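The values are calculated or read from the model by the stated rules, or taken from the named source; none is laboratory data. Every value quoted in this text rests on a predicted model; they were computed, and no experiment measured them. Cβ coordinates were reconstructed from backbone atoms using ideal geometry, including for glycine residues, and neighbour counts include every protein chain displayed. Just the protein is used for accessible areas: all its heavy atoms, side chains included, with ligands, DNA and RNA removed. Shrake-Rupley method; radii C 1.70, N 1.55, O 1.52, S 1.80 Å.
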Amino acid sequence: MARIIVVTSGKGGVGKTTTSAAIAMGLAKKGHKTAVIDFDVGLRNLDLIMGCERRVVYDFINVVNGEATLHQALIKDKNCSQLYILPASQTRDKDALSKEGVEKVLDELSKTFKYIVCDSPAGIEKGAHLAMYFADDAFVVTNPEVSSVRDSDRMLGLMSSKSRRAEQNLEPIKEYLLLSRYSPERVKLGEMLSVEDVQEILSLHLLGVIPESKSVLNASNAGIPIILDEKSDAGQAYADIVARYLGEEKPHRFIEDKKGFFGKLFGGK
């Protein structure tokens, strides 16, 4: 059976789709057959970040409605043969998704895939609820700011009460914290919450910290998941996150100010 991962948050613009693309690519690069699904019906950005927007013929809604088979809709990634993308529809309404339809697609994918990554839309509407309903694991992406953390806390409440696992009294969804757009310098200036602040509010296992980085935008514009940019801090951070999720011991990086002691010694502030 596949492990279903939802990448979620309460707030938009925190990096969910970037994270979904990076995590899915990272798992596939480790040799695990992985599918990544865009649940953001009506907007659709995952295909852009994966660089396959011109290859979209059928989408998630077509499969749910029986207008295309899963085989027809899945797009094989050009960078990794173990990764497949199921794009969202740009023309349908969010209500086109149904719990029965989503379950059918996930059940079919589970027969041949090891991991299924669900890229959730922001907020608590239908698409977000369906993205997290069937999850085994949740990657909660939040920025180090009060409104983002508060909205993520609300999503945690929904997952603990309205998921399939909660309804069937099964083992709860495993929840992991991904702190994105983190800047130790701005934390020192009091402009951002620290890692400790966020953990204290959410009480989640920290899977990784993704530093604020221009390389994320550059990779998105190029249609390449940031994890493939191994020279960038953000790419390395996502590689560490995938490794930790798969059970490897990795020290946390990008939490401390890079200048540190030696930077101050030689004139840094």
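Please determine, by comparing only the residues of the range 55-71 that are in a loop (DSSP other than H, G, I, E, B) and of a type in the set (Val, Ile, Thr), which one is nearest to the chain's Cα centre (by Cα). For the range 55-71, the residue satisfying everything is Val56. Checking Lys76, Lys111 one by one, the residue that is out of contact with any strand residue (DSSP E or B) (no Cβ under 9 Å at 6 or more places or on another chain) and either at pLDDT 95 or above or among the basic types (Lys, Arg) (or both) is Lys111 and no other.
Close contacts from the range 56-85, counting a first residue that is without any contact (Cβ under 8 Å) to a residue 24 or more places away in the chain and a second that is small (Gly, Ala, Ser) and open to solvent by less than 60 Å² (accessible area, probe 1.4 Å), with Cβ to Cβ under 7 Å and a gap of 6+ residues or different chains, come to Tyr58/Ala68; Tyr58/Ala73.
Can Ser81 be described as out of contact with any Pro (no Cβ under 8 Å at 6 or more places or on another chain) and within 26 Å of Ile124 (Cα to Cα)? The answer is no for Ser81. Answer yes if at least one residue in the range 113-125 is part of a loop (DSSP other than H, G, I, E, B), hydroxyl-bearing (Ser, Thr, Tyr) and within 14 Å of the chain's Cα centre (by Cα), and no otherwise. Among the residues of the range 113-125, at least one is part of a loop (DSSP other than H, G, I, E, B), hydroxyl-bearing (Ser, Thr, Tyr) and within 14 Å of the chain's Cα centre (by Cα), which makes the answer yes. Within the range 254-262, is even one residue assigned to a helix (DSSP H, G or I) and either modelled with pLDDT of 95 or more or open to solvent by 70 Å² or more (accessible area, probe 1.4 Å) (or both)? Checked the range 254-262: at least one residue is assigned to a helix (DSSP H, G or I) and either modelled with pLDDT of 95 or more or open to solvent by 70 Å² or more (accessible area, probe 1.4 Å) (or both). Screening the range 62-89 for residues that are of a type in the set (D, E, K, R) and within 21 Å of Asn45 (Cα to Cα) and picking the one that is least open to solvent (accessible area, probe 1.4 Å) gives Asp77.
Whether a residue is over 24 Å from Leu48 (Cβ atoms) and either at pLDDT 95 or above or surrounded by fewer than 22 Cβ atoms within 10 Å (Cβ to Cβ) (or both) was assessed, and Glu212 does not pass this test. Tell me, please, whether a residue that is surrounded by 21 or more Cβ atoms within 10 Å (Cβ to Cβ), touching a Ser or Thr at 6+ places or on another chain (Cβ under 9 Å) and of a type in the set (D, E, K, R) can be found in the range 19-37. No, the range 19-37 contains no residue that is surrounded by 21 or more Cβ atoms within 10 Å (Cβ to Cβ), touching a Ser or Thr at 6+ places or on another chain (Cβ under 9 Å) and of a type in the set (D, E, K, R). Residues that are touching a Ser or Thr at 6+ places or on another chain (Cβ under 6 Å) and assigned to a loop (DSSP other than H, G, I, E, B) within the range 1-13 comprise Met1, Ala2, Ser9, Gly10, Lys11, listed in sequence order. Check whether at least one residue in the range 44-51 is in contact (Cβ under 8 Å) with a residue 24 or more places away in the chain, buried (at least 16 other Cβ atoms within 10 Å of the Cβ) and more than 15 Å from Ala21 (Cβ to Cβ), and report yes or no. No, every residue in the range 44-51 fails to be in contact (Cβ under 8 Å) with a residue 24 or more places away in the chain, buried (at least 16 other Cβ atoms within 10 Å of the Cβ) and more than 15 Å from Ala21 (Cβ to Cβ). Residues in the range 72-103 that are assigned to a loop (DSSP other than H, G, I, E, B), under 26 Å from Ile226 (Cα atoms) and of a type in the set (D, E, K, R): Asp77, Lys78.
For every residue, the table says whether it meets (1) surrounded by fewer than 23 Cβ atoms within 10 Å (Cβ to Cβ); (2) touching a helix residue (DSSP H, G or I) at 6+ places or on another chain (Cβ under 8 Å); (3) within 20 Å of Ile5 (Cα to Cα).
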{"position": "Ser120", "(1), (2), (3)": "no, yes, yes"}
{"position": "Glu125", "(1), (2), (3)": "yes, yes, yes"}
{"position": "Ala131", "(1), (2), (3)": "no, no, yes"}
{"position": "Phe139", "(1), (2), (3)": "no, yes, yes"}
{"position": "Pro144", "(1), (2), (3)": "yes, yes, no"}
{"position": "Gly157", "(1), (2), (3)": "yes, no, yes"}
{"position": "Lys162", "(1), (2), (3)": "yes, yes, yes"}
{"position": "Leu189", "(1), (2), (3)": "yes, no, no"}
{"position": "Leu193", "(1), (2), (3)": "yes, yes, no"}
